[in-house]
1. Among the residues of the range 258-268, is any among the charged types (D, E, K, R) and away from the ligand (no atom under 16 Å from the Cβ)?
2. Within the range 285-296, identify whether any single residue is among the basic types (K, R), modelled with pLDDT of 95 or more and in contact with a helix residue (DSSP H, G or I) (Cβ under 9 Å, 6 or more places away or on another chain), and answer yes or no.
3. Take the residues in the range 313-366 that are touching a Ser or Thr at 6+ places or on another chain (Cβ under 9 Å) and basic (K, R), then tell me which one is modelled with the lowest pLDDT.
4. From (1) in contact with a Pro (Cβ under 6 Å, 6 or more places away or on another chain); (2) more than 16 Å from the ligand (Cβ to nearest atom); (3) at positive phi; (4) not β-branched (V, I, T), pick out the condition that doesn't hold for P317.
5. Return the residue satisfying two criteria in turn: it lies in the range 146-161 and is assigned to a strand (DSSP E or B) and under 23 Å from the mean Cα position of the chain (by Cα), and of such residues it is farthest from N96 (Cα to Cα).
6. Does P288 satisfy being under 26 Å from E382 (Cβ atoms) and free of Cβ contacts under 8 Å to residues at least 24 places away in the same chain?
7. Of these, G271, G300, which one is within 18 Å of G243 (Cα to Cα) and not hydrophobic (A, V, I, L, M, F, W, C)?
Amino acid sequence: MTTPLVKGWCPGALRPMPSGDGLLVRVRPSIGRLTQAQAAGIARLAEQYGNGQIDLSARANIQIRGVTDPTYAQLVMGLATLGLIDATPEAEARRNIVVTPFWQSDDGTTKLTERLGSALRDDRTLALPGKFGFAVDTGATPVLRDVSADIRIERDATGNLLCRANGAASGARVTSDTAVDTALSLARWFISSGGRKRMAVHLADGATLPSAFTAVKAAPMTHMSLPMPGQSASGFMIGLAFGQMQARTLSALADIAPLRVTPWRMLLLEGLISAPNLAGVITRADDPLLRVIACPGLPGCTQALQPTRPLARVLAPYAPVGRMLHVSGCAKGCAHPGPTPLTLVAQAHDFGLVRDGNATSTPQHPPLTVEQLLANPGTLMENPNALPV
Ligand code: SF4
């Protein structure tokens, strides 16, 4: 199996990542929210300077695809006009925050996130690893427990604020006034205690947290089901197949309401009380396309060994309710690091089949060609052991 290259850093707007279809430019909206003018502006810029395709990332960011070297500078100028550019690439990288999209205007989440964002932007001494990130999960119910983060500001079982190192079962009691300083002191401890990449790995390797960060028990880690398209107190959530849309879809969404970007490849239309009537968006929780996950694959990713999304789209109607299928363009598994009941991992000429594992797991079935998969989609989803060898 070909070993994928691990880059160890996330793209930004000021540090784009080369990809199979050009530069990938990732925009980190402040508090995970785009005003209608910002969303319309991103759609316009993606048409003008990219290939018109826009992704939602697993960290609730917006990605403009297919940008070329000659158009990149104009794109950044356009994003700066929309208020979506940080002062430096380092400030942008530090401001790696995912925030609950279900915040209410009176729950303190937006102020807390804004203060954390500006503290991270301004603290040039904080040399955090490329993927180190923060989660602000301070809505009425925690929703980010399964979303990647290293330092979490959340509520305990009594509803009070807690700052917790990811991987620890307890955290430090904080208030809205002390949460940001406490989170930054935990980040500094990570660096000074020899943390290299991620907090949970550092703790698993034996690092001992300062006592303040073990004082208060976190709320129980119950299994969380993924939020689905539909109505919530904050607005209407829509899904996007594979988290991707055309610029014209974003433009049409921008006409309806401000948008909150989520880490689940969905957008929340703020304040909207019914499903929008719009082509290219998923408004029903039972849509089969929500049961398949696929990274860009070929030709969008330089590391991909096969196209992924056309195959996932054809297999989607055969995925039973509650059974996810992940089609990965290589063994890196970017689109979904966690396990799924079925994962198809692209190899040079076929796909490996993994059951109850992820893209890095060893396939349990001899490789299957696209033709074999398409000839037996029902068997693949219901009884993969019966597939032809
Ligand atoms: S998993 Fe997909 S997106 Fe990630 S490196 Fe492999 S082919 Fe590219």
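1. yes
2. no
3. Here the residue is R323.
4. So P317 meets the others, but not (3).
5. The selected residue is R155.
6. no
7. Working: G271 fails: within 18 Å of G243 (Cα to Cα).
The match here is G300.
Results for (1) within 16 Å of the ligand (Cβ to nearest atom); (2) within 16 Å of G243 (Cβ to Cβ), shown as yes or no for each residue.
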residue	(1), (2)
D21	yes, yes
P29	no, yes
A40	no, no
R44	no, no
V67	no, no
A91	no, no
R95	no, no
T109	no, no
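The values are calculated or read from the model by the stated rules, or taken from the named source; none is laboratory data. Just so you know, these numbers come straight off a predicted model, no measurement behind them. Heads up, the Cβs are rebuilt from the backbone with ideal geometry, glycines too, and the neighbour counts pull from every protein chain shown.
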